[in-house]
Each structure stands twice: as C-alpha cells, then as structure tokens.
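Worksheet for the structure shown next.
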Amino acid sequence: MNNSLTRTVRLLGAGLRALLVLTLVTGVIYPLVVTGIAQGLFRSQANGSEIKADGKVVGSSLIGQSYNLPLKKGQETPEPDLKWFQGRPQNGLGTNSVNTRYRLILSGATNRAADNKDLIDWVTAAKKAVVQDNSTADYTVRPSDVPADAVTSSGSGLDPDISPQYADLQVHRIAERNGLSVARVRKLVFEHTDGRTLGFLGEPRVNVLELNIALKDLVAKG
C-alpha cells in the first residue's frame, strides 16, 4: 500500500513538473522568442502591415476599404465617392447577426456558381455602374473595357488590390473629379503598380488604399 502511494505521488510530481516546464517553454519562452524574431526581422508584417498617412494609421495593406459617401436618409446601400479610386465589389461579405452591437466585417466569398441568377444580376449591375461612373465628357467606357475584378469580389471579399487595367479605367473620372490632368493621374497609377511577386507569381496589382493616399497628396499640392 505504501509503495503504491509512493509511486502515485512520484508520478503526480513528475507530471506536475512536466506541466510546469512545458508551460514555461511553450507558453512563455517560445512566444517571446517568436515575437522577438518577428519584431526584429518582420516588424511591419508582425504589426499588421499598417499603412500610415499624416502620422496616423489609416489601414492595412492587406485589407481593402470602402470609399463611399455618407448614407442619405432612406438609403440602405451607400453610393461610392467617385473622387476616389474604387476597389473590388464586396458581395462576399456577410453580416454579423450574432452580436449586433458590433458592426464586424466578415470575410467570405459569394459561394455562388457562375450560372447563379443572383451572381449574374450582381455582375450585370456592377458592369453597368462601372461604365456609367467612369465615363466622362471626353471619355466613354465600353462594356468590353471593364475587367473582371471591377465586377466580381475576391474569394475573401477583402482584397485590397485591383488590376492595373481597372485602375487605368478610373483615371479619367479621377482626373475630372479632382481637377487634375489625365497624364498626372495615369503617372500616379503607374508609380503605384506592383509587378508579379518574385517576377512570376500572381499578377500585377495596385493597392487602392496606398493609391488613394497618394492621390490625396497630389490633390493637396494642386
């Protein structure tokens, strides 16, 4: 009986020591080491890839933002603020029905097939809006000019980038709305176009938030 009790106490002691050691290693030392390496070598990524303007954090380079006008009385869907470059549609975003106290953004795709009527209606309406919004007095957008990313949301619904083609499509509107020349706005788009990752992965892209920050600075300079 005594031997059994002694053996049990020893096992419990060994288990407790193992628990304490593993807690210290995995719960304290490992997180501190990983955090230290991240802050030392990948500070921007570790802190959320923050983008700053006028000394303040205005967003992340990894998450898209909306550029809309304030809701008018009776409106449920805000209108886009057409003085800014617009990102991709956000049809994939769900609504927070669990805790309505907080207006959380939920990531998600439309999850609809290519022949789904809702998706077809969304794309058709989006293309019509892109043509109408981006046609100016001296520039007419044709439906065939509208790229796919202008009328479809990304898999997450939060894509921060648009294609150079979609950015270029908006140049005339941006120039007209902000009193700038088309050449200056087009140069701005070119300067903020990133090529393929490592030269062969993905497609060329334009970060909308970074582009709009640069546009704001350009407008301020006159």
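Side notes on the structure shown:
- Violating pairs (Cα-Cα greater than 31 angstrom) within the set 73/128; 128/187; 56/187; 128/221; 56/221; 52/128: 128/221; 52/128
- For the chain, size of Cβ-based charge dipole, Lys and Arg +1, Asp and Glu -1, in debye: 820 debye
- Close amide H pairs (under 5 Å, H built 1.01 Å from N) link residue 53 with 58, residues at least 5 positions away or on another chain.
- Shape parameters for the stretch 1-47, alpha-carbon atoms, Rg then Dmax in Å: 18.9, 61
- Across the chain, C-alpha contacts under 8 Å between residues 6 or more apart give a mean separation that, scaled by the residue count, equals a relative contact order of 18 percent.
- For the peptides 35-42, 201-208, 119-126, the ranking by mean Cβ contacts within 10 Å, running from highest to lowest, is 201-208, 119-126, 35-42.
- Long hydrophobic helices in the chain: the complete DSSP H runs spanning 18 Å or more by Cα along their own axis with mean Kyte-Doolittle hydropathy of at least 0.0 are 2-24, 208-221.
- Note on Rg/Rh (Cα atoms, Kirkwood Rh): of the candidates [x] 1.20; [y] 1.04; [z] 0.95, the value calculated from this structure sits at [x].
- Each of residue 218 and residue 191 was given a label point 7 Å from its Cα along the Cα-to-Cβ line. The distance between the two points is 0.8 nm.
- With each label modelled as a point 7 angstrom along the Cα→C-beta vector, the residue 57-residue 12 pair spans 4.7 nm.
- Full-stretch length increase - residue 3, residue 34 - with 0.36 nm per residue and alpha-carbon distance subtracted: 6.7 nm
- Our note on the geometry: Cα centres of the stretch 141-168 and the stretch 204-218, 15 Å apart.
- Straight-line reach from residue 127: taking Cα to Cα under 22 Å and skipping same-chain neighbours fewer than 8 places apart, the lysines in range are 83, 117.
- Each of 139, 67, 166 has some number of other Cβ atoms within 10 Å of its Cβ, and from fewest to most they run 139, 67, 166.
- Amide H partners (placed H, <5 Å) of residue 157, local residues excluded: 108
Each reported figure results from applying straightforward, stated rules to the coordinates on display, with no laboratory input. Fair warning: this is a prediction, and the values are worked out from it, not measured in the lab. Using ideal geometry, Cβ is built from the backbone for each residue, glycine included, and neighbour counts are taken over all protein chains shown.
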